[in-house]
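Read through the structure below, which is laid out as structure tokens, and then see the notes.
What follows draws every value from the coordinates through simple rules; no lab data is involved. Source: prediction; values computed, not measured. Please note: Cβ atoms are built from the backbone with ideal geometry, for glycine as well, and neighbour counts cover all protein chains shown.
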Amino acid sequence: MSLTTSALHIETPITLEGSVIRLEPIRREHAQLFWQAAKDGREDIFRWIPYRMKTSEDFERLIEKALGEQQRGESVVFATVERKSRQVIGSTRFMNIDRINRRVEIGSTWIAPAWQRTGVNTEAKFLMLRHAFEVWQCLRVELKTDVLNQKSRNAILRIGAKEEGTLRKHLITWTGRVRNTVYFSILDTEWPEVKARLEAGLAAGPA
């Protein structure tokens, strides 16, 4: 059924398979697997996350919150698994789902240090963008980051997203810092070009 003139029809659970990673549906047992993957590098991994991620209990609360969002249809949350080792190495999600306006956000992404700058994030974004535009028939996919997180801003631009602007005093982080947030987007009309760029990058391997 064509969804070009209708609201998003999102069926869950969703598993997205790539050549290096698998994005699998979040489960409660992922809380401890996330903790094991992230605990040694959590200060760096979650530096820009606006909510507290310090203890294993924080990960358990995160999972419960994510499951609640999924039940309400607000998010689709994944564990990122390296296919070869079957090891959980991070997480990402579709969030702020707007079915009527056929819009979703990709965010809350983190990857354990050993797998950063390996192409894992590129493949995850490719799988999610392809699903959003080609299966759900989204008109728009959004991404956002802390204005101070230049590394993330550069990574989003490399994917092919367009910077749209900054929301000032957008969030109060768990430390009390007031965060400005930069928004980016990719439109359905831009997806073919972005897809070609991502496929070329994945074929070439990590820089």
Exercise. Can you work out ³J(HN,Hα) from phi for every residue in region 128-136, in order, using Karplus 6.51 cos²θ - 1.76 cosθ + 1.60 and θ = phi - 60°, giving whole Hz and x for Gly and Pro?
Worked result: 6, 5, 4, 5, 4, 7, 9, 9, 7
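How high is the relative contact order of region 1-114, in percent, with contacts defined as C-alpha pairs under 8 Å that are six or more residues apart?
Reported as a whole number, the value is 28 percent.
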Exercise. What number, in percent, do you get for the relative contact order of region 97-201 if the mean sequence gap of Cα pairs under 8 Å and at least 6 apart is divided by its residue count?
Worked result: 28
Exercise. Of Lys65/Lys195; Lys39/Lys125; Lys162/Lys195; Lys144/Lys195; Lys54/Lys169, which sit over 21 Å apart, Cα to Cα?
Worked result: Lys65/Lys195; Lys39/Lys125; Lys54/Lys169
For this session: For a quick protection proxy, order the peptides 42-55, 85-98, 121-134 by their average other-Cβ count within 10 Å, most packed first.
Result: 121-134, 85-98, 42-55
Seminar exercise, completed: Expressed as a percent, the portion of alpha-carbon pairs in region 85-134 spaced more than 19 Å apart is 32
Exercise. Within the P(r) computed for region 47-164, what percentage of the Cα pairs occupies the region above 25 Å?
Worked result: 24
Problem set entry | 10 Å binning of all Cα-Cα separations within the chain, expressed as whole percents from 0 upward | 8, 34, 41, 16, 1
For this session: May I ask you to derive the relative contact order of the chain, considering only C-alpha pairs under 8 Å and at least 6 residues apart, and to give it as an integer percent?
Result: 19
Exercise. Between Ser75 and residues 5 or more places away or on another chain, which pairs have amide H atoms under 5 Å apart, with H built 1.01 Å from N, and which residues are they?
Worked result: Gln70
For this session: For region 1-84, would you read off the P(r) tail past 14 Å as a percentage of all alpha carbon pairs?
Result: 70
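Rounded, prolate or oblate: which fits region 113-181 when a ≥ b ≥ c are the square roots of the eigenvalues of the alpha-carbon gyration tensor, with rounded for a/c under 1.5 and prolate only if a/b beats b/c?
Working: a/c = 2.19, a/b = 1.40, b/c = 1.56.
Because a/c hits 1.5 or more and a/b fails to exceed b/c, region 113-181 counts as oblate.
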